Amino acid sequence: MLSKRIIPCLDVHEGRTTKGIKFRNNIDIGDPVEMGRFYYEEGADEIVFYDITASSERRPIMLDVVRRVAETIFIPFSVGGGIRTLEDMREVLLAGAEKVSVNSAAVLNPEIIKQGAHAFGSQCVVLGMDVKNVNRSERIPSGYEIVINGGRTFMGIDALWWALEAERLGAGEICLNSIDADGTKNGYDQDLTRLISSRVNIPVIASGGAGEPSHLVRVLKEGYADAALIASMVHYGTYTIREIKEYLRENGVKIRKTW
């Protein structure tokens, strides 16, 4: 069995880390480079950086932040937000990221997944999925709909169908974010995570809702997630990554000891 990964997520806006609830009411919580370095030293397995308004504002991604992070941490990190073309992917990877995360752009132009996988390898291409729980319908049979542009635009696309299609196109990993759970600290959406994880053959990162270590145990064991994204519970100092990892190990989750 592969070790499960613990991945702090830093949402970045105008060069600063920010945090909100259900994609709203964001507040400034610090410098992303300094926070990335801190989590690296704490024992994070990877780190994710999202430029949360680059897509909706139709502007380039934060390459200066990517370069500064690459000089500071020595674990894999992925970058998303505002990546719309193959050249955008190339620039982010050349700036030092190991992976690029495509979300809105991939929904609007699925070929970018295939192009990125062909040019850089599937292991570099992460599909970011922002998902909202809606009423089941003929169009959305799973009851989970894809939403883009930072939770602003409903696309009428079924989340399970999109996950399977992205895997077929060459995505190497899925970061699955529940908008309903995001920032609530009430736990991940177990049903959503299990639905996707049990049907695709690529790793799934659970995202949205972590508030305490027991939430990670549940989603990694019962939700079949390969990794768990965390934000609020470490950003505000409620738990350290070391405390979370020790709790997981004590509760039968295989993790890497990175200190």
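Using only the alpha-carbon atoms of region 168-211 as identical scatterers, what base-10 log of I(q)/I(0) does the Debye formula give at q = 0.31, 0.34 Å⁻¹? One equal scatterer on each Cα of region 168-211 leads to -1.06, -1.17. Largest GNM mean-square fluctuation across Lys132, Lys99, Lys221, computed for the chain with C-alpha springs under 10 Å, falls on Lys221. Straightening the chain between Asn135 and Glu41 buys 29.5 nm, computed as 0.36 nm per residue apart minus the Cα-Cα spacing.
Put simply, the amide H of Gly128, placed in the peptide plane, has neighbours under 5 Å in Val102, Asn103, Cys175, leaving out anything fewer than 5 places away on its chain.
Considering only Val102, Val131, Val234, the Gaussian network model of the chain with Cα springs below 10 Å gives its largest mean-square fluctuation to Val234.
Here log10 I(q)/I(0) by the Debye sum over Cα atoms at q = 0.09, 0.13, 0.16 Å⁻¹ was calculated from the structure, and among (i) -0.34, -0.75, -1.21; (ii) -0.45, -0.87, -1.18; (iii) -0.49, -0.89, -1.30 it sits at label (i). The ranking of His235, His215, His118 by Cβ neighbour count inside 10 Å, starting from the fewest, reads His118, His235, His215.
Karplus-based coupling profile of region 225-231, in residue order and whole Hz: 5, 8, 7, 10, 8, 10, 9, with θ = phi - 60° in 6.51 cos²θ - 1.76 cosθ + 1.60 and x standing for Gly or Pro.
For Lys245, the aspartates and glutamates whose Cα comes closer than 15 Å to its Cα, not counting residues fewer than 8 places off in the same chain, are Glu41, Glu42, Asp45, Glu46, Glu212, Asp226.
Taking amide H as placed 1.01 Å from N in the peptide plane, Asp11 has its amide H under 5 Å from the amide H of Thr18, Tyr50, each at least 5 places away in sequence or on another chain. Taking the number of Cβ atoms within 10 Å of each Cβ as an exposure proxy, the fewest-first ranking of Met62, Met233 is Met233, Met62.
The numbers here are math on the coordinates, done by the rules we state, and not lab data. Here the structure is a predicted model, which means the values were calculated and not measured. We place every Cβ from the backbone using ideal geometry, glycine too, and count neighbours over all the protein chains shown.
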